[in-house]
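Remarks on the structure that follows.
The values are calculated or read from the model by the stated rules, or taken from the named source; none is laboratory data. Every value quoted in this text rests on a predicted model; they were computed, and no experiment measured them. Please note: Cβ atoms are built from the backbone with ideal geometry, for glycine as well, and neighbour counts cover all protein chains shown.
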Amino acid sequence: MSRFIQLHVLTSYPPSNLNRDDTGRPKTALVGDANRLRVSSQSLKRAWRTSETFESAMAGHIGKRTKQIGIKRVFEPLVAGGIAEKQAREWAKEIAKQFGKLKSEKKTENNEDLEIEQLAHFSPEELAAIDALVVQLIERKDKPKEDELKLLVHPRQAVDIAMFGRMLADSPTHNVEAAVQVAHAITVHRAAVEDDYFSAVDDLNSRDVTGAGHIGERGYGAGLFYLYIAIDRELLKKNLGDDEALTARALAALVAAVTKVAPTGMQNSFASRAYAGFVLAEKGNQQPRSLAQAFLKPVKPHGEESLFDKAVSALETRCKNFDAVYGACADDRRTVNVEKPEGSIADLIAFVAE
């Protein structure tokens, strides 16, 4: 069985603002002395794991990232179950701090004394254990026992944790090493952030009232993005408790999300949903390597040349060049090319998951 799976994906997005920086403008990166549009790996991973595509395929095997476990899953259910607020708060603190340091030691209006400082990724097993403990506390109307507070486990059912990892600063023994590494997506060509000036009219204005009810600006950009993903299949399987069937399902769900799910940034304003136009999937035991070097020189078509076709050619050439210099960098490959059309997503998913 091949240890590593690599995905090289080209996706074309129309004018959009998929991933904003602190000023609200699309993120960028300087690559090969040319400015590119960029979508961060954090943005991509969240879009995939919270998508309907992924959630429907992996129902019951997705965790929750939150600071509010002590409020939403403990304190509020305890109070609703008839436990006095003072007791419920004390018990909720005891449970919440098993997963991290509490944000505040004193009661606040925002219940910060029940929140943990760091976002924690809770597995389905941990959430189920917390819910079961809350039910027991309501039934017996007594505080949790010391052995009942050992709620942290090494996740074996949370596909998103197995893929993207988990870091608990206060409980490093329960950290999970990510089996899926995701690069930031960049445009294969030079790209500029442009500004959209827009106005809105007040519908209740009378005919003699002129001018806009609102005026604004927002940044946007368009381009063909290259995305690289490296998957350690053996580590993924280990993270999932050596469950081969669950590992295959997880890989199939990931490929479906990667090829069909767009980041959610400003979708209502730009409707920039897109499917991948080209995918190269590789399998083997060789050390993974990105093909981003193919785009150090920005792709620039001439005349009637296609930007997409030139980008695909650059990827395939770089792949062949690496093979020529280092020896075969993969044992087997599959491609999907919408432009030709060539290949199918169903076959690609089966190739990756098998």
Considering only residues of region 319-337 that are of a type outside the set (Asp, Glu), more than 27 Å from the chain's Cα centre (by Cα) and within 28 Å of residue 190 (Cα to Cα), which is surrounded by the fewest Cβ atoms within 10 Å (Cβ to Cβ)?
320
Taking region 340-354 on its own, how many of its residues are under 27 Å from the mean Cα position of the chain (by Cα) and not aliphatic (A, V, I, L, M)?
5
Counted residues in region 298-349 being in a helix (DSSP H, G or I), in contact with a helix residue (DSSP H, G or I) (Cβ under 9 Å, 6 or more places away or on another chain) and closer than 30 Å to residue 57 by Cα come to 3
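Is it true that residue 284 is assigned by TED's automatic domain parsing to the domain that holds residue 13, touching a strand residue (DSSP E or B) at 6+ places or on another chain (Cβ under 7 Å) and more than 30 Å from residue 318 (Cα to Cα)? Break it down stepwise before answering.
Numbers: assigned by TED's automatic domain parsing to the domain that holds residue 13: yes; touching a strand residue (DSSP E or B) at 6+ places or on another chain (Cβ under 7 Å): yes; more than 30 Å from residue 318 (Cα to Cα): no.
No; evaluated as a whole, the condition is false for this residue.
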Scope region 262-280; condition touching a Leu at 6+ places or on another chain (Cβ under 9 Å) and part of a loop (DSSP other than H, G, I, E, B); matching residues:
262, 263, 264, 265, 266, 272, 276, 277
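Is it the case that residue 25 is closer than 30 Å to residue 315 by Cα and either in contact with a His (Cβ under 8 Å, 6 or more places away or on another chain) or charged (D, E, K, R) (or both)?
Values: closer than 30 Å to residue 315 by Cα: yes; either in contact with a His (Cβ under 8 Å, 6 or more places away or on another chain) or charged (D, E, K, R) (or both): yes.
Taking the combined requirement at face value, the residue satisfies it.
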Helices (runs of 4 or more DSSP H) (entirely within region 149-260) containing at least 3 residues that are farther than 29 Å from residue 116 by Cα
233-239, 244-260
Number of the condition not met by residue 192 [criteria: (1) touching a residue at least 60 places away in the same chain (Cβ under 8 Å); (2) closer than 30 Å to residue 23 by Cβ; (3) assigned by TED's automatic domain parsing to the domain that holds residue 316; (4) surrounded by fewer than 18 Cβ atoms within 10 Å (Cβ to Cβ)]
(3)
Subset of region 109-127 [within 21 Å of residue 138 (Cβ to Cβ), at pLDDT 90 or above and not in a helix (DSSP H, G or I)]:
122
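Yes/no per residue for (1) in contact with a helix residue (DSSP H, G or I) (Cβ under 8 Å, 6 or more places away or on another chain); (2) without any contact (Cβ under 8 Å) to a residue 60 or more places away in the chain; (3) of a type in the set (Lys, Arg); (4) not assigned by TED's automatic domain parsing to the domain that holds residue 14:
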residue	(1), (2), (3), (4)
40	no, no, no, no
50	no, yes, no, no
76	no, yes, no, yes
85	yes, yes, no, yes
92	yes, yes, no, yes
Does at least one position in region 201-212 carry a residue that is farther than 15 Å from residue 1 by Cβ, in the same structural domain as residue 315 (by TED's automatic domain parsing) and either at pLDDT below 95 or of a type in the set (Ser, Thr, Tyr) (or both)?
no
